[in-house]
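Okay, structure first, notes after.
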């Protein structure tokens, strides 16, 4: 195994080409972490590496729904760095949305494949590497959502998968105990990314109205992930919610 010797901790960030993934990659790089960036397209990953000031970052084009590609990603991490300290399981999709009765089965499966199966495949591969490496252990942080607690209208596939991610997080946390693998989840509400652009112009509310919602900077999410990541493995944040302060989540709107 030809590994690059580094004193830095090593992180894999999925969905690293934009949004929350890019913000977290920047925060980790700023704190001295070595990065493996995964996403479906090479160009956005290269832009993230450049923005992070990390030209040496390992960029691996990866479809998280493809088991072979996920296996190849973590094999590349092992080959380059020799170990893994953090997986930020961030890749996700909202899907097509729309009324429940109009949701096609293939659209449902597409969201489940990315948000749930993809998260499982990456967590499984990270778990295997963390269990086998010396010193043993590491941390997995799953990107949940406010939707893991309460749905938006027309979001059945997204909401169902984010509830399922909570179960995944709990099982990973329990099963990782003997191997010093800590697992946690960050539930994010209205971070300013491409996915939340509609918040600025009006998004459907539970009462049927359209309303503009406040957003927060993605960097505020990244700081929270960094805090979770840099705890010693004897401490863990199992669940944390970070949201735009005045978004209509707590209370009745």
Calculated FRET efficiency, residue 124 and residue 102, Cβ-Cβ r, R0 35 Å, to nearest 0.05? 0.55
By the gyration tensor of its Cα atoms, with a ≥ b ≥ c the square roots of the eigenvalues, what is the shape of the range 14-90: rounded for a/c under 1.5, prolate for a/b over b/c, or oblate? oblate
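Which FRET efficiency value, to the nearest 0.05, is calculated for residue 163 and residue 79 with the Förster distance at 45 angstrom and r the Cβ-Cβ distance?
Details: r = 36 Å, r/R0 = 0.79.
Using R0 = 45 Å, I get an efficiency of 0.80.
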Using a 10 Å cut-off on Cβ atoms, rank the peptides 45-52, 84-91 from the highest mean neighbour count down. 84-91, 45-52
Relative to the longest principal Cα axis of the chain, at what angle does helix 218-229 sit, 0 to 90 degrees, rounded to 10? 40 degrees
Starting from the exponent 0.38 and prefactor 2.2 Å, build the expected Rg for the range 102-157 from its residue count and divide its actual Cα Rg by it. 1.51
Contour minus end-to-end for residue 46 and residue 235, with contour as 0.36 nm per residue of separation and end-to-end as the Cα-Cα distance? 64.7 nm
Per principal axis, largest first, the Cα atoms of the range 1-130 extend in Å by 54, 29, 20
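Give the average over all directions of the projected area of the C-alpha convex hull of the range 178-253, one decimal, in nm². Walk me through the numbers before you get to the answer.
On the way: hull surface 25.6 nm².
Answer in nm², one decimal: 6.4.
Rule-of-thumb check for the range 104-253: C-alpha Rg over 2.2 N^0.38 Å? Show your work: numbers first, answer last.
Values: Rg = 16.8 Å, N = 150, 2.2 N^0.38 = 14.8 Å.
Dividing the Cα Rg of the range 104-253 by 2.2 N^0.38 Å gives 1.13.
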On the first, second and third principal axes, largest extent first, how far apart are the outermost C-alpha atoms of the chain in Å? 57, 36, 33
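Going by average Cβ neighbours within 10 Å, how do the peptides 125-135, 210-220 rank, with the highest at the top?
On the way: 125-135: 17.3, 210-220: 15.3.
Per-residue mean Cβ counts within 10 Å order the peptides as 125-135, 210-220.
Out of the DSSP beta bridges found with both residues in the range 10-243, what percent are antiparallel (nearest 5)? Write out the running numbers ahead of the final one.
Numbers: 2 of 30 bridges.
The answer is about 5 percent antiparallel.
Since every read-out is calculated from the coordinates, none of them should be taken as a lab result. Quick caveat: nothing in here was measured; it's all calculated off a predicted structure. No Cβ is skipped: glycine too gets one built from the backbone with ideal geometry, and neighbour counts run over all protein chains shown.
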